[in-house]
Structures are given as structure tokens and as C-alpha cells.
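Here is the structure we will look at.
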Number of protein chains: 2
Amino acid sequence: MKKLINTPERLVQDALAGLEAAHADLLCVSYDPDIVVRVDAPVQKKVGIVSGGGSGHEPLHGGFVGRGMLDAACPGPIFTSPVPDQILAATHAVDGGAGVLYIVKNYSGDVMNFEIAAELAQAEGLEVTTVLINDDVAIKDSLNTAGRRGVGSTIVAEKLAGAAAEEGQPLAEVARICAQANAMGRSIGIALTSGTVPALGRPTFELGDDELEFGIGIHGEPGRQRMPMMPVSELVALMAEALLADLPFSHGDRVLAMVNGMGATPQIELYAVYAELDRYLKAAGIQIDRRLVGNLITSLDMAGCSITLVRLDDEMLRLWDAPVCTPALRWGC
Amino acid sequence: MKKLINTPERLVQDALAGLEAAHADLLCVSYDPDIVVRVDAPVQKKVGIVSGGGSGHEPLHGGFVGRGMLDAACPGPIFTSPVPDQILAATHAVDGGAGVLYIVKNYSGDVMNFEIAAELAQAEGLEVTTVLINDDVAIKDSLNTAGRRGVGSTIVAEKLAGAAAEEGQPLAEVARICAQANAMGRSIGIALTSGTVPALGRPTFELGDDELEFGIGIHGEPGRQRMPMMPVSELVALMAEALLADLPFSHGDRVLAMVNGMGATPQIELYAVYAELDRYLKAAGIQIDRRLVGNLITSLDMAGCSITLVRLDDEMLRLWDAPVCTPALRWGC
């Protein structure tokens, strides 16, 4: 294992220190418990938005803290859920009197710990609502998930909820919009290589020299099947078919399309993926109204990509276009 | 070799198609010769800015085309210079009557082909000025370079020149500012793994399981020396020492600091690098006034990073903060 780290034990905190040093205008970091908080939190009378999960998926979630998106992120250890204390501390840090929304990817540990934190916060009289993200069409259940896993739509859910909160919408509305992003979103991922968890020191799984894993999870969980390598046009067609069949998306739909790198896939390949996706969706009569191409929800140094499609309506489009000012997503500011 | 491509021969054009499809609001792509051009070019009475070089370094250069930065980029084949015809076509596309600036990384092929294009353009009566970027402190000459290689400062030079052009400054001034970014900028890179050129199908070089290459070039050219792996704090100290000693940078300087990923290094590691750089420069009394952390000038799927420091003055700071609206760098729009 070769990584730009000091020790596996220090990596998460070192990276948080770097995030804060680089973006002190947007966010600040507290340690023990570790939380990333928008620099001007709590914003009075605005719904506070908290997300989090295991580290190793950067820029998710700390890179999306800032005006127009998350008020706080709770980074757990690599691929490990944050603890309730962390989530409760984040809740206190962002509560401006209008309630707090938890955006939780559907993994058992995350779900449990956000639930405990919500109960603790509610016992203190705080208003907390949780939206689960479960957009991964690859598989239904897995070792660490009941139901579908939460992946790429998380970013869209965080952006739209963040914009709604910034507009001053009440908690129920912010939660409704967040849930809608999840309901209208579908994702599928593939891996060419495994990432390496620093504390483990070796790849999580092995893939042959001519193999890919179709339906990979962001922690290296198995997907639907192993397949031989194929041209990106064929691969994207298989991925898009899996997505379109699921919602289903159909002719005339307008979507946000996200091509996401898993951490070790260079941009030239991600744009080759996007080119194929664009061709495929055009042929299917589906209009890409907005798009993101880049490393957004990663799996350490895994090579591979995921595609997320979110069906858009006018309200979602307006909220997507609203200003956002975070380390990883920025426009209108 | 496992890559998300159709064929090695098609990769550059496929990725360009993806870039255009994703960012049609900012740029358009022409083929044969391949050029990426700002969507509203030529901008009348504005200095046109053209850069380019081999592909495989994305987002450089196509990802920096847009308002406030490049008017056009000329992408050659992977790690191969663009041809004079391409550069001349870009020149015609961006000439708004105020002259054209070429920003050229110092590699023999690029230098030669931009020179030929400049002569052809000048023979047509166009005003063209060239600024060479040669900021890599690793080594003085190499197989494909006379003098120092051009790397990370290119991005700063493109941004500052782009802002100056947008302000309506004349060609000589835009070129002066561009040259100043290069004169005040120094870079050093390291590799943990080699990238794989698609047409070659195997890594350009081999590194042992516990080795890194200090002073790597962005085409996998050898650096200063092979070293055993070390904690990122020690590695960043060595890199920073090499940079500080060279300009030299000294106590009281204000700098722009860039931590760049080589393509396959995840963001969590890049922020760990930034944290160490921040600590090191603070201890040296050097103030980081602006920074970039991310994949900016890559080497296909190489794992590793580079650090660029550019000494700033007030004018450079103002130009850096001016709005920029490109796929890879965006603020104020």
C-alpha cells in the first residue's frame, strides 16, 4: 500500500485539518467529536442540514458544507459510521430554531446512529426529521444494508434541500424536497479495481486483469456480477439500461445526470463516460438538463465510476440552480 | 490495462465530445483539427488566449476554457504536442483584433509547434506573443525539454492572463502578467505509481512497492531520485524545501499554494498533503493567501501529487479573484 498519509489512524483528522485550512472562509472543523460546520452556523430561523457517514468518500460529505448545501457533516472513520455524539454535536451547532434535517445514506450503522442522535435531540426538545437515501439499483440488500444502498443521489438531495433551507422553507418542505430527490434518483456503479482501506493495507477485493464489477458499492461491497472488460460505450449502455428500467425513466423525461469517479479514475475517462451517456440518453429521448462530471462520492482509491440520474421538475431545477458555495460544488458565488 | 475507453485511438475525441456535451454553455469543440473554443469567441477587442499540449493532463487545458481564462485549447494526442494547424485554427477562432497570447509549457514539441503557428499567424498579419512556462524545479533538462519543464504554474498563468484580458488590457500587459506568474511560480511533483498510456497498454515506468519518484514529470519522465516511501509530513517537507530554496521564497512572502493530484490520488490524501503544506509554510512565515486543492494538471492515472507555489502581489491577487467560468475553475459566476 502506498498512500500520501502519515498513519492510517491519523488520516481522517489530517485530511479534516487540510479541509479547514484550505476553506476557512466556508467551514470550520471541531475534533472529538469530529464535525465539519458551516462557518456562520447556526443560521437563525433557517433549517439546519446535517449529513455524514464513513470517511473515504470525499468530497462527500465535508466538501459539501457551505452556504446553499450542508450546515454540518459528521465524518466517521474510514468506511465506518459516525457515532451519535458526533451527530448530536453537529445538531447543536447548526440548530437555528427552525429544526434540523438529517440526510442519511441507507447503511445499517448510519441509520442506527442517526436514529439514536435524533432521539437524543428530540428528548432535548429539538425538532429533527430524517430522510434516507437509497438510490442504488444494483442490489436490494447487502451485508451492511437492509434495502437499497444510498449513493450518488445523496449529493443532489443535499443540494436541493440546502437551497430550499436557504430560501427559508420550513422543515417539512425541506424534507419533502430532499425525499423527492431520492425518490426521483437512481444510481449504479462499476469498479475496475478495489480501493485499499489504509488500516487494512491491502485491496478489499480482487478483480482479474480483464474483469470489472458491475453494481459495486462505495465500500467495495459486491455488486450484481463480474463481467469481462468491454468498451465504454457498451458499459455505459448496460449502466443506463439498469437505471432507466428501474424508476423507470422514459421518453420526454428531463434529468440531472451525474458521472462520478470512484477516486482513481482520471477525468479524461470520466468525460468519455459522459459522452456515451449523452449519446445514449439522447437516443432514448431523455433530456439532460443539468449535469456533474467529477469525483463526488468516491471509494478511496478505487478505479471505476458511477452514474446517477435524477428526474427533474421545475422546482428541482430552480433549487439546483440556486447559488451554492462549498469546497466541492460552487456556483453563483 | 483497464480503462473506461472505447479504443486508445478514439479516447481524446470521445473525451472532447463529453467535455462539449457537458459544458455547451461555456465552450464548443471542433474536430480535425481538434480545438476547444470559448462559446462566444472571438470576443471583439479582447486579447485572445490560446494554450494547449498533449492530452492526458485533464482538466488542463480544455477544462480551463471559458470566460476569464482561456479562449481556446489545442489538445494533442496523449502526451503528444498539438500540430501547428491546430494552433493556427485556434488563433483564428479567438482573434478579436487585440492580438493573441500563446501560453506554452516548456516541452520541445510544444515549443516548436507553437513557434511555427506563431510564424504562420504573423505572416497573416496577426499579432501573437508567446509566454513559456518552465516552473518545475525538479531537473534542469530532460529528454524532451531544454531547460525546466512547465507544470502547475501554467494554471495560475492562464488564470491571471485570462483575467487581465477580460479587463481589456493590451497584449503586452497580458503577456507581462502571464510571464510574471511563471517567474514567481515553482512546482515539484512526486509519483507513487506510473500512469498507463492507453496506446502503450502498460505503465510507463515501474516503482517498487515501497518507492516513490521525487521530481516526477507529468509524462512520467524521471525526476531527481527514487526514495523509500515516507510519512506525508516528511514528504511535503522535502517538496516544500525544494520549492522554497529555489525562487527563493522567504519569510513574509504571500503565496498561492496549489496541491495537485496526478489523476489517481483521492481527495482525502490531497487534503492530508495540504494540511502538511499549511503547517510547513506557517512555520516558515509564508502566508498562503489563496489555494487550490484538486486534480488540475494530471498524468493519466498516475498516483501522486505536485505542489505549486506562486508568490503573489496585489495585482496578481486581484486578477486571481476576478470571476472565472470554466468547467474546472469557477467562481464569481
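The values are calculated or read from the model by the stated rules, or taken from the named source; none is laboratory data. Just so we're clear, the structure is a prediction, and the values are computed from it rather than from any experiment. Heads up, the Cβs are rebuilt from the backbone with ideal geometry, glycines too, and the neighbour counts pull from every protein chain shown. When the accessible area is computed, the model is the full protein with side chains, heavy atoms only, and any ligands, DNA or RNA have been set aside. Shrake-Rupley method; radii C 1.70, N 1.55, O 1.52, S 1.80 Å.
Quick rundown of the values:
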| item | result |
| --- | --- |
| Calculated label separations, B:Ala199, copies of the chain, 7 Å along the beta-carbon direction, nm | 4.6 |
| Relative intensity, log₁₀ I(q)/I(0), of the protein assembly as shown from a Debye sum that treats every alpha carbon as a point, q = 0.07, 0.11 Å⁻¹ | -0.41, -1.08 |
| Contact surface B-A: accessible area buried, both sides summed, square angstrom, 1.4 angstrom probe | 4400 |
| Residue-wise HN-Hα coupling along the stretch B:300-311, computed from phi with Karplus coefficients 6.51, -1.76, 1.60 (Hz; x: Gly, Pro) | 6, 9, 5, 8, x, 7, 9, 10, 10, 10, 10, 6 |
| Under DSSP loop assignment and at most 14 Cβ neighbours within 10 Å, longest trypsin sites (Lys or Arg not before Pro)-free interval of chain A | A:141-333 |
| Karplus (6.51, -1.76, 1.60) ³J(HN,Hα), θ = phi - 60°, over the stretch A:86-96, in Hz, Gly and Pro reported as x | 4, 5, 5, 4, 5, 4, 4, 5, 10, 6, x |
| Nearest residue to the symmetry axis between A and B, taken on chain A by its Cβ, in whole Å | A:Ala264, 2 |
| Hull volume in cubic angstrom per residue (convex hull over the Cα atoms of the stretch B:58-113) | 84 |
| Amide H contacts of A:Gly215 (H built 1.01 Å from N, under 5 Å, at least 5 apart or other chain) | A:Gly189, A:Ile190, A:Ala191, A:Arg224 |
| Ratio Rg/Rh, restricted to the stretch B:1-58 and using Cα atoms, in which Rh is the Kirkwood radius | 1.03 |
| Orphan Cys of the protein assembly as shown, criterion: no other Cys C-beta under 4.7 Å | A:Cys28, A:Cys74, A:Cys178, A:Cys305, B:Cys28, B:Cys74, B:Cys178, B:Cys305 |
| Three principal axis lengths of the stretch B:1-119 [C-alpha, angstrom, descending] | 46, 34, 21 |
| Under 16 Å from the Cα of A:Lys105 - lysines, other chains or at least 8 residues apart | A:Lys140, A:Lys159 |
| Taking the stretch A:185-317 and dividing mean pair separation by its residue count, relative contact order in percent (alpha carbons under 8 Å, at least six apart) | 34 |
| Longest site-free stretch - chain A; sites: chymotrypsin sites (Phe, Trp or Tyr not before Pro), DSSP loop, at most 16 other Cβ within 10 Å | A:32-204 |
| Net charge of Cβ neighbours under 13 Å - reference B:Thr298; Lys, Arg +1; Asp, Glu -1 | -3 |
| Volume in Å³ per residue [convex hull over Cα atoms, computed for the stretch B:185-317] | 100 |
| Ratio Rg/Rh, restricted to chain A and using Cα atoms, in which Rh is the Kirkwood radius | 0.95 |
| Computed helical MRE - 222 nm, chain A, DSSP H runs ≥ 4 contributing -39500 (n - 2.57), nearest 500 | -10000 deg cm²/dmol |
| Mean-position separation - Cα centroids, the stretch B:87-109 and the stretch B:62-78, in angstrom | 11 |
| Debye, to nearest 20: dipole size of the stretch B:185-317, +1 on Lys, Arg Cβ, -1 on Asp, Glu Cβ | 160 |
| Residues A:Trp331 and B:Asp289, FRET efficiency given R0 of 25 Å [Cβ-Cβ distance, rounded to 0.05] | 0.60 |
| Farthest toward positive dipole pole in the stretch A:1-149 [+1 Lys/Arg, -1 Asp/Glu at C-beta], among A:Gly48, A:Ile116, A:Ala138 | A:Ala138 |
| Built amide H within the under 5 Å cut-off of B:Asp301, gap 5+ | B:Thr196 |
| Accessible area of B:Glu166 in the full protein assembly, 1.4 Å probe (Å², nearest 10) | 70 |
| Solvent-accessible area, 1.4 Å probe, carbon plus sulfur percent, for the protein assembly as shown | 53 |
| Per-residue ³J(HN,Hα) for the stretch B:51-65, Karplus 6.51 cos²θ - 1.76 cosθ + 1.60, θ = phi - 60°, Hz, x for Gly and Pro | 9, x, x, x, 7, x, 10, 4, x, 4, 9, x, x, 10, 8 |
| Accessible surface, the stretch B:231-333, averaged per residue in Å² (probe 1.4 Å) | 29 |
| Other-copy label distances relative to B:Lys45, 7 angstrom Cα-Cβ extension, nm | 4.6 |
| For B:Ile35, residues with placed amide H under 5 Å, excluding near neighbours | B:Ser30 |
| Mean separation of Cα contacts under 8 Å (6+ apart) over length of chain B, as relative contact order % | 18 |
| Nm distances between copies for A:Ala146, ranked from closest, using label points 7 Å along Cα→Cβ | 7.2 |
